[in-house]
């Protein structure tokens, strides 16, 4: 049991510390630069009157809900997620599950908005389709994926975070930590600005 426990925490540490970050053109960038760009996108979105949007399936849906409220409440950045049960079952029934996020983004997104697309595999059709729709509207996109380095989601964002492991639990926890860091950086900016003002 001790070995498995230590292995889990070792894998999680590796997942967060070793995250690979890329731009839309596939160019690798350092983690600090990826966060600078992501925070700039989030702040610019809010400054333009836009919102942060979060999507994910299963465990990633829970992350989407968690992050939407944390971005709004703790980060002061308007945010929402699209995993209301009635909406998912209605749209899934009428259009197929692949469209459950895409349709909602089509209804609610504006070009000023920023989409956080979260998928452990990076291959979920509902997530990929939603990113296509968001791009068509003019939204900017940040992706969080895992598993194979060649997963399609990883090539679709303005900034892409990839966890190079094939363990759902570790990838999902790593994604939570990685996205949460954006809120913490925003709060740190607030604190630094307040100290300068004092």
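A quick yes/no check of all residues on (1) surrounded by 16 or more Cβ atoms within 10 Å (Cβ to Cβ); (2) at pLDDT 95 or above; (3) touching a strand residue (DSSP E or B) at 6+ places or on another chain (Cβ under 8 Å); (4) farther than 22 Å from residue 132 by Cβ:
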{"residue": "32", "(1), (2), (3), (4)": "no, no, no, yes"}
{"residue": "49", "(1), (2), (3), (4)": "no, yes, no, yes"}
{"residue": "61", "(1), (2), (3), (4)": "yes, yes, yes, no"}
{"residue": "64", "(1), (2), (3), (4)": "yes, yes, yes, no"}
{"residue": "68", "(1), (2), (3), (4)": "yes, yes, yes, no"}
{"residue": "87", "(1), (2), (3), (4)": "no, yes, no, no"}
{"residue": "93", "(1), (2), (3), (4)": "no, yes, no, no"}
{"residue": "108", "(1), (2), (3), (4)": "no, yes, yes, no"}
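Kindly evaluate residue 57 against the criterion of being buried (at least 19 other Cβ atoms within 10 Å of the Cβ) and under 19 Å from residue 152 (Cα atoms).
When the stated conditions are applied, residue 57 passes them.
Residue 17 fails exactly one of the following numbered conditions: (1) free of Cβ contacts under 8 Å to residues at least 12 places away in the same chain; (2) touching a strand residue (DSSP E or B) at 6+ places or on another chain (Cβ under 8 Å); (3) under 19 Å from residue 120 (Cα atoms). What is the number of that condition?
It fails just one condition, (2).
Could you give me the residue pairs with C-beta distances under 9 Å whose first residue belongs to region 68-89 and is at positive phi, whose second residue is assigned to a helix (DSSP H, G or I) wherever it lies, and which are 6+ apart or on separate chains?
Note: pairs meeting the criteria are 76/46; 76/186; 76/187; 76/190.
Within region 115-130, can one find any residue that is in contact with a helix residue (DSSP H, G or I) (Cβ under 9 Å, 6 or more places away or on another chain), surrounded by fewer than 21 Cβ atoms within 10 Å (Cβ to Cβ) and over 17 Å from residue 58 (Cα atoms)?
Within region 115-130, not a single residue is in contact with a helix residue (DSSP H, G or I) (Cβ under 9 Å, 6 or more places away or on another chain), surrounded by fewer than 21 Cβ atoms within 10 Å (Cβ to Cβ) and over 17 Å from residue 58 (Cα atoms).
The values are calculated or read from the model by the stated rules, or taken from the named source; none is laboratory data. Because the structure is predicted, anything quoted here is derived from the model rather than measured. A quick note on method: Cβ atoms are made from the backbone with ideal geometry, for glycine too, and the neighbour counts reach across all protein chains shown.
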